[in-house]
Amino acid sequence: MVSTSLVAGLITLAQGRVSAGATAKVAKSAEKAKADSASALDQVKAQARADRKTRIGDAKDQARARVQRLIEQMKLLKKLYADDPKKMAKALAEAAKELQGAVKDYAAAAKDSGEMFADDFKSLPDAAANPDAAASARKTLEDEAKAEAAGDMDFIKLVRGLGADLKDLLLTARTKATLTMKEKFEETDDYKDAEKGLKDLGKSVDDLDQQVRSDMPPGSLMTLAA
(Lines give C-alpha, C1' and ligand atoms only; values in the text may rest on other atoms or scores of the structure.)
Protein backbone atom coordinates (compact mmCIF):
# COMPACT_ATOMS: atom_id res chain seq x y z
CA MET A 1 0.00 0.00 0.00
CA VAL A 2 1.30 3.42 -0.94
CA SER A 3 1.73 5.69 2.00
CA THR A 4 -0.32 8.86 2.33
CA SER A 5 2.83 11.00 2.54
CA LEU A 6 4.17 9.59 -0.74
CA VAL A 7 0.92 10.35 -2.53
CA ALA A 8 0.94 13.86 -1.17
CA GLY A 9 4.51 14.33 -2.35
CA LEU A 10 3.70 13.15 -5.84
CA ILE A 11 0.74 15.50 -6.03
CA THR A 12 2.86 18.44 -4.88
CA LEU A 13 5.53 17.62 -7.48
CA ALA A 14 2.94 17.42 -10.24
CA GLN A 15 1.42 20.71 -9.20
CA GLY A 16 4.85 22.30 -9.27
CA ARG A 17 5.48 21.09 -12.78
CA VAL A 18 2.08 22.34 -13.94
CA SER A 19 2.71 25.69 -12.25
CA ALA A 20 6.14 26.07 -13.87
CA GLY A 21 4.73 25.17 -17.27
CA ALA A 22 1.89 27.63 -16.88
CA THR A 23 4.30 30.36 -15.81
CA ALA A 24 6.53 29.75 -18.83
CA LYS A 25 3.51 29.82 -21.12
CA VAL A 26 2.30 33.09 -19.62
CA ALA A 27 5.79 34.59 -19.94
CA LYS A 28 6.00 33.50 -23.57
CA SER A 29 2.58 34.97 -24.29
CA ALA A 30 3.59 38.23 -22.62
CA GLU A 31 6.75 38.37 -24.72
CA LYS A 32 4.79 37.82 -27.91
CA ALA A 33 2.24 40.46 -26.93
CA LYS A 34 5.06 42.91 -26.24
CA ALA A 35 6.68 42.19 -29.61
CA ASP A 36 3.35 42.51 -31.41
CA SER A 37 2.70 45.80 -29.62
CA ALA A 38 6.14 47.15 -30.60
CA SER A 39 5.58 46.06 -34.21
CA ALA A 40 2.17 47.71 -34.31
CA LEU A 41 3.63 50.90 -32.86
CA ASP A 42 6.41 50.88 -35.47
CA GLN A 43 3.80 50.53 -38.21
CA VAL A 44 1.80 53.44 -36.80
CA LYS A 45 4.93 55.60 -36.66
CA ALA A 46 5.93 54.62 -40.20
CA GLN A 47 2.48 55.49 -41.53
CA ALA A 48 2.46 58.79 -39.65
CA ARG A 49 5.83 59.71 -41.19
CA ALA A 50 4.66 58.70 -44.66
CA ASP A 51 1.56 60.88 -44.27
CA ARG A 52 3.68 63.78 -43.03
CA LYS A 53 6.08 63.47 -45.95
CA THR A 54 3.15 63.44 -48.37
CA ARG A 55 1.72 66.61 -46.84
CA ILE A 56 5.11 68.29 -47.09
CA GLY A 57 5.50 67.23 -50.70
CA ASP A 58 2.02 68.45 -51.62
CA ALA A 59 2.65 71.85 -50.02
CA LYS A 60 5.95 72.26 -51.86
CA ASP A 61 4.38 71.21 -55.16
CA GLN A 62 1.61 73.77 -54.71
CA ALA A 63 4.18 76.52 -54.08
CA ARG A 64 6.13 75.49 -57.18
CA ALA A 65 2.92 75.56 -59.20
CA ARG A 66 2.24 79.13 -58.03
CA VAL A 67 5.68 80.19 -59.23
CA GLN A 68 5.20 78.51 -62.60
CA ARG A 69 1.86 80.30 -63.04
CA LEU A 70 3.55 83.60 -62.29
CA ILE A 71 6.24 82.89 -64.86
CA GLU A 72 3.57 82.38 -67.52
CA GLN A 73 1.62 85.47 -66.38
CA MET A 74 4.68 87.67 -66.57
CA LYS A 75 5.31 86.62 -70.16
CA LEU A 76 1.89 88.02 -71.00
CA LEU A 77 2.17 91.15 -68.85
CA LYS A 78 5.58 91.92 -70.34
CA LYS A 79 3.90 92.34 -73.70
CA LEU A 80 0.65 93.84 -72.41
CA TYR A 81 2.25 96.67 -70.40
CA ALA A 82 5.40 97.20 -72.43
CA ASP A 83 4.41 100.82 -73.10
CA ASP A 84 2.71 101.57 -69.77
CA PRO A 85 5.27 101.96 -66.96
CA LYS A 86 2.71 102.57 -64.23
CA LYS A 87 0.62 99.51 -65.02
CA MET A 88 3.79 97.47 -65.37
CA ALA A 89 4.98 98.62 -61.94
CA LYS A 90 1.62 97.77 -60.42
CA ALA A 91 1.66 94.32 -62.01
CA LEU A 92 5.21 93.77 -60.75
CA ALA A 93 4.23 94.76 -57.22
CA GLU A 94 1.38 92.24 -57.30
CA ALA A 95 3.65 89.57 -58.75
CA ALA A 96 6.27 90.16 -56.07
CA LYS A 97 3.61 89.84 -53.37
CA GLU A 98 2.27 86.61 -54.87
CA LEU A 99 5.77 85.24 -55.24
CA GLN A 100 6.61 86.06 -51.65
CA GLY A 101 3.47 84.20 -50.57
CA ALA A 102 4.64 81.12 -52.47
CA VAL A 103 8.06 81.37 -50.81
CA LYS A 104 6.42 81.68 -47.38
CA ASP A 105 4.32 78.55 -47.94
CA TYR A 106 7.33 76.66 -49.25
CA ALA A 107 9.44 77.75 -46.30
CA ALA A 108 6.83 76.41 -43.86
CA ALA A 109 6.86 73.04 -45.63
CA ALA A 110 10.67 73.02 -45.75
CA LYS A 111 10.80 73.75 -42.01
CA ASP A 112 8.46 70.84 -41.33
CA SER A 113 10.67 68.67 -43.52
CA GLY A 114 13.79 69.72 -41.63
CA GLU A 115 12.16 68.89 -38.30
CA MET A 116 11.02 65.52 -39.62
CA PHE A 117 14.54 64.57 -40.69
CA ALA A 118 15.96 65.84 -37.40
CA ASP A 119 13.61 63.45 -35.58
CA ASP A 120 14.63 60.64 -37.94
CA PHE A 121 18.33 61.11 -37.28
CA LYS A 122 17.71 61.02 -33.53
CA SER A 123 15.99 57.64 -33.93
CA LEU A 124 18.72 55.85 -35.90
CA PRO A 125 19.83 52.38 -34.67
CA ASP A 126 22.48 52.31 -31.95
CA ALA A 127 25.85 52.37 -33.71
CA ALA A 128 27.54 50.69 -30.75
CA ALA A 129 25.16 47.73 -30.83
CA ASN A 130 25.08 47.27 -34.59
CA PRO A 131 27.53 49.49 -36.53
CA ASP A 132 26.65 48.13 -39.99
CA ALA A 133 22.91 48.55 -39.55
CA ALA A 134 23.37 52.06 -38.12
CA ALA A 135 25.68 53.11 -40.98
CA SER A 136 23.29 51.73 -43.60
CA ALA A 137 20.26 53.40 -42.03
CA ARG A 138 22.10 56.70 -41.77
CA LYS A 139 23.19 56.62 -45.41
CA THR A 140 19.67 55.85 -46.58
CA LEU A 141 18.24 58.66 -44.49
CA GLU A 142 20.97 61.10 -45.49
CA ASP A 143 20.41 60.36 -49.18
CA GLU A 144 16.71 61.07 -48.72
CA ALA A 145 17.41 64.31 -46.85
CA LYS A 146 19.92 65.38 -49.48
CA ALA A 147 17.44 64.78 -52.30
CA GLU A 148 14.86 66.84 -50.44
CA ALA A 149 17.32 69.68 -49.85
CA ALA A 150 18.38 69.61 -53.51
CA GLY A 151 14.72 70.08 -54.46
CA ASP A 152 14.53 73.02 -52.07
CA MET A 153 17.56 74.62 -53.71
CA ASP A 154 16.00 74.13 -57.15
CA PHE A 155 12.94 76.01 -55.92
CA ILE A 156 15.14 78.80 -54.57
CA LYS A 157 16.94 79.01 -57.90
CA LEU A 158 13.62 79.19 -59.74
CA VAL A 159 12.37 82.03 -57.53
CA ARG A 160 15.65 83.93 -57.75
CA GLY A 161 15.47 83.70 -61.53
CA LEU A 162 11.94 85.05 -61.64
CA GLY A 163 12.83 87.76 -59.12
CA ALA A 164 15.71 88.87 -61.35
CA ASP A 165 13.34 89.03 -64.32
CA LEU A 166 10.92 91.19 -62.33
CA LYS A 167 13.73 93.57 -61.41
CA ASP A 168 14.74 93.84 -65.06
CA LEU A 169 11.16 94.63 -66.02
CA LEU A 170 10.97 97.32 -63.36
CA LEU A 171 14.22 98.84 -64.63
CA THR A 172 12.86 98.79 -68.17
CA ALA A 173 9.65 100.45 -66.98
CA ARG A 174 11.70 103.08 -65.18
CA THR A 175 13.65 103.84 -68.34
CA LYS A 176 10.44 103.98 -70.36
CA ALA A 177 8.89 106.35 -67.83
CA THR A 178 11.61 108.96 -68.32
CA LEU A 179 10.51 109.25 -71.92
CA THR A 180 6.74 109.08 -71.50
CA MET A 181 5.83 110.44 -68.05
CA LYS A 182 5.91 114.01 -66.79
CA GLU A 183 5.95 113.04 -63.10
CA LYS A 184 8.93 111.35 -61.54
CA PHE A 185 8.29 107.62 -61.84
CA GLU A 186 10.35 106.74 -58.74
CA GLU A 187 7.98 108.81 -56.60
CA THR A 188 4.81 107.01 -57.68
CA ASP A 189 3.18 104.54 -55.32
CA ASP A 190 3.25 101.86 -58.01
CA TYR A 191 7.01 102.07 -58.32
CA LYS A 192 7.56 102.22 -54.55
CA ASP A 193 5.32 99.19 -54.00
CA ALA A 194 7.11 97.21 -56.69
CA GLU A 195 10.56 98.15 -55.38
CA LYS A 196 9.63 97.29 -51.81
CA GLY A 197 7.95 94.05 -52.87
CA LEU A 198 11.04 92.90 -54.73
CA LYS A 199 13.27 93.84 -51.81
CA ASP A 200 11.08 91.88 -49.37
CA LEU A 201 11.04 88.96 -51.78
CA GLY A 202 14.82 88.91 -51.88
CA LYS A 203 14.99 88.74 -48.09
CA SER A 204 12.42 85.94 -47.96
CA VAL A 205 14.40 83.88 -50.46
CA ASP A 206 17.65 84.50 -48.57
CA ASP A 207 15.96 83.40 -45.34
CA LEU A 208 14.70 80.22 -47.01
CA ASP A 209 18.18 79.49 -48.37
CA GLN A 210 19.69 79.89 -44.90
CA GLN A 211 16.96 77.76 -43.35
CA VAL A 212 17.52 74.88 -45.77
CA ARG A 213 21.27 74.94 -45.14
CA SER A 214 20.87 75.10 -41.36
CA ASP A 215 18.60 72.03 -41.46
CA MET A 216 21.37 69.86 -42.88
CA PRO A 217 21.97 66.91 -40.52
CA PRO A 218 24.87 67.63 -38.14
CA GLY A 219 28.08 65.80 -38.87
CA SER A 220 26.98 64.82 -42.37
CA LEU A 221 28.93 65.24 -45.60
CA MET A 222 26.01 66.92 -47.32
CA THR A 223 26.81 70.01 -49.35
CA LEU A 224 24.67 72.39 -51.36
CA ALA A 225 25.55 74.66 -54.25
CA ALA A 226 25.64 78.35 -53.44
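Numbers at a glance
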{"read-out": "Unmet requirement for residue 72, which otherwise passes all of (1) modelled with pLDDT under 65; (2) closer than 30 Å to residue 113 by Cβ; (3) open to solvent by 60 Å² or more (accessible area, probe 1.4 Å)", "value": "(1)"}
{"read-out": "Selection from region 197-216 of residues that are surrounded by 19 or more Cβ atoms within 10 Å (Cβ to Cβ) and among the small types (Gly, Ala, Ser)", "value": "197, 204"}
{"read-out": "Set 166, 141: member being farther than 18 Å from residue 52 by Cα and touching a residue at least 12 places away in the same chain (Cβ under 8 Å)", "value": "166"}
{"read-out": "Only listed residue being part of a helix (DSSP H, G or I), open to solvent by less than 20 Å² (accessible area, probe 1.4 Å) and closer than 22 Å to residue 69 by Cβ, chosen from 149, 194", "value": "194"}
{"read-out": "Filtered residue count, region 81-130, keeping only those that are under 25 Å from residue 63 (Cα atoms) and open to solvent by 80 Å² or more (accessible area, probe 1.4 Å)", "value": "6"}
{"read-out": "Selection within region 117-146 - in a loop (DSSP other than H, G, I, E, B) and among the hydroxyl-bearing types (Ser, Thr, Tyr)", "value": "123"}
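The values are calculated or read from the model by the stated rules, or taken from the named source; none is laboratory data. On a predicted model such as this, the values are computed, not experimentally measured, just so you know. Ideal geometry is used to build each Cβ from the backbone, glycine not excepted, and the neighbour counts take in all protein chains shown. Side chains included, ligands, DNA and RNA excluded: accessible areas come from the protein's heavy atoms. Shrake-Rupley method; radii C 1.70, N 1.55, O 1.52, S 1.80 Å.
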